[in-house]
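The values are calculated or read from the model by the stated rules, or taken from the named source; none is laboratory data. Only a predicted model underlies this, so the values are computations on that prediction, with no experimental measurement involved. Quick reminder, even Gly has a Cβ in these numbers, built from the backbone with ideal geometry, and neighbours come from all protein chains shown. Side chains are part of the model used for accessible areas, which takes the heavy atoms of the whole protein and leaves out ligands, DNA and RNA. Shrake-Rupley method; radii C 1.70, N 1.55, O 1.52, S 1.80 Å.
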Amino acid sequence: MNALRGKKILLGITGGIAAYKTPELVRSLIKEGAEVKVVMTPSAKEFVTPLTLATVSKNPVLSSFIAEGNDNPKWNDHVALGLWADLFLIAPATSNTLSAMAHGRCNNLLLGVYLSAKCPVWVAPAMDLDMYAHPTTQKNISQLTSYGNYVLPVGEGALASGLEGKGRMLELDTILTYIKSHFTKNKPLFKKTILLTAGPTFEAIDPVRFIGNYASGKMGFALAKEALLLGANVVLVSGPTIEKIEHPDLTLISVVSAEDMMNAVQKVFKKVDIAIAAAAVADYKPIKSAVQKIKKSNGDLTLQLTHTPDILAYMGAHKKNQKVIGFALETENELENARTKLLNKNLDGIVLNSLKDKGAGFSGSTNKITYIHADLTSHSFPLLSKEECAKHIFEQILAE
Ligand code: CTP
């Protein structure tokens with residue numbers, strides 16, 4: 001909570017469609033404790049209004065060298081703005097602005113602030129896929145990086161042009177993770193590799209049907225973000241989810257079934273320092289998945305199920321100087337069942353959530369957890385966001 005308390009963030013907005021997301025970005029930065037000021041290029045005003053940004057940031061929004069609508073024109077001091085900020089984030093940064101920054105052009109206030117800023121400058125590019133892939137854009141990005149600017153990667157997916165590919169501005173959540181990690185001084189997981197399993201698994205019945213569960217992947221992704229903040233390299237093996245994450249220190253391996261998840265885990269487990277199994281792995285799968293769609297018939301249909309591999313038990317049995325942490329979702333005799341799981345699977349800790357607690361479990365955005373250590377001592381936490389839970393889980397792991 002409040003990872004950006006007291007930090008001054010200057011947000012530079014340029015004229016790309018992703019500018020419509022920036023009021024939300026301002027809100028999120030403020031929620032994390034930051035003070036935010038906004039500087040925009042004139043064309044950014046076509047996509048989002050200064051009034052909206054001034055309202056959410058609670059600060060005047062500047063876009064020209066001379067204060068507008070004033071009988072006694074006043075110089076907007078770009079130097080002062082650059083000196084005020086602890087971090088200057090340009091998001092979205094169009095190819096035009098990237099090029100102007102790389103070549104030292106100064107035909108708007110935002111570029112003036114950039115050229116005079118003393119603080120770290122972060123850039124979140126956003127453009128169409130061919131523009132992003134173009135050698136001049138890539139050269140401009142390398143140029144900017146060589147000047148000490150931090151150019152964030154782009155996201156992949158639907159673009160305003162209707163095309164699909166690399167060029168979207170990173171998800172706001174991911175931008176926030178980057179910024180928070182920049183201000184996190186103590187990075188206890190630096191040079192450590194963390195393996196996380198997340199999400200549900202889907203076990204195919206036939207080409208169109210599966211056995212699955214309501215897991216959202218939120219808890220595993222929150223753990224991944226927290227591990228990144230703490231400086232770790234993260235391998236995230238996730239079942240089907242709508243959650244998104246991109247970070248240079250993160251490898252995302254997307255899987256569907258428990259068997260896929262097991263294969264992915266077995267490939268990387270030896271190299272990791274800590275493994276946390278947050279996935280809601282299906283315990284059973286159909287003995288045989290039909291090659292063709294099963295047609296409706298008059299009689300009942302019986303599915304014969306068999307066990308899926310227990311990924312957590314595998315890690316517990318094969319660990320060597322590694323920590324393995326599991327999750328236990330229980331509905332009765334919670335502490336006792338979770339402790340038994342910890343012992344049976346040879347774990348170093350287990351995170352218990354009870355379905356009896358309102359707001360806990362794997363589908364919502366909150367959780368109520370009890371962390372049980374290897375010596376069976378436990379710490380219970382109130383109902384919290386999954387991000388807060390992730391923080392506490394790492395505190396418990398690192399306290400051992
Ligand atoms: N788990 C796993 N592989 C499986 C089943 C579970 O890695 N095939 C992991 C989960 O990621 C979680 C832990 O085991 O960390 C506990 O899962 P849970 O379903 O609560 O326990 P089970 O061992 O499956 O036992 P039960 O369903 O009887 O409670």
Given 56-67, 110-121, the highest-first ranking by average Cβ count within 10 Å works out to 110-121, 56-67
Please list the radius of gyration and Dmax for the range 8-185, considering alpha-carbon atoms only, with Å as the unit.
-> 15.3, 49
Averaged per residue, the 1.4 Å probe accessible area of the chain, protein heavy atoms only, in Å², is roughly 49
Extension gain residue 301-residue 377, at 0.36 nm per residue separation less the Cα-Cα distance, in nm?
-> 22.7 nm
Farthest toward the dipole's positive end in the range 159-312, which of 258, 248, 278, given Cβ charges of +1 (Lys, Arg) and -1 (Asp, Glu) about the Cα centre?
-> 248
Take every Cα-Cα pair in the range 1-48 and report what % of them are more than 17 Å apart.
-> 34
Among 167, 50, 78, flag the residue with its Cα farthest along the positive direction of the charge dipole of the range 44-190, charges on Cβ as +1 for Lys/Arg and -1 for Asp/Glu.
-> 78
Considering amide H positions built from the backbone, and no H for Pro or chain starts, which residues 5 or more places from residue 253, or on another chain, come under 5 Å of its amide H?
-> 236, 237, 238
Using a Gaussian network for the chain with springs between C-alpha atoms less than 10 Å apart, which of these wobbles most: 320, 187, 37?
-> 320
HN-Hα J in Hz across the range 201-216 - Karplus 6.51, -1.76, 1.60, θ = phi - 60°, x for Gly and Pro | 10, 10, 10, 5, 8, 8, x, 10, 10, 8, 9, x, 8, 7, 4, 9
Going 7 Å from the Cα of residue 271 toward and past its Cβ, which residues in the range 233-259 have a backbone nitrogen under 17 Å from where you end up?
-> 233-238, 247-254
Per residue convex hull volume, Cα only, the chain, in Å³ is 177
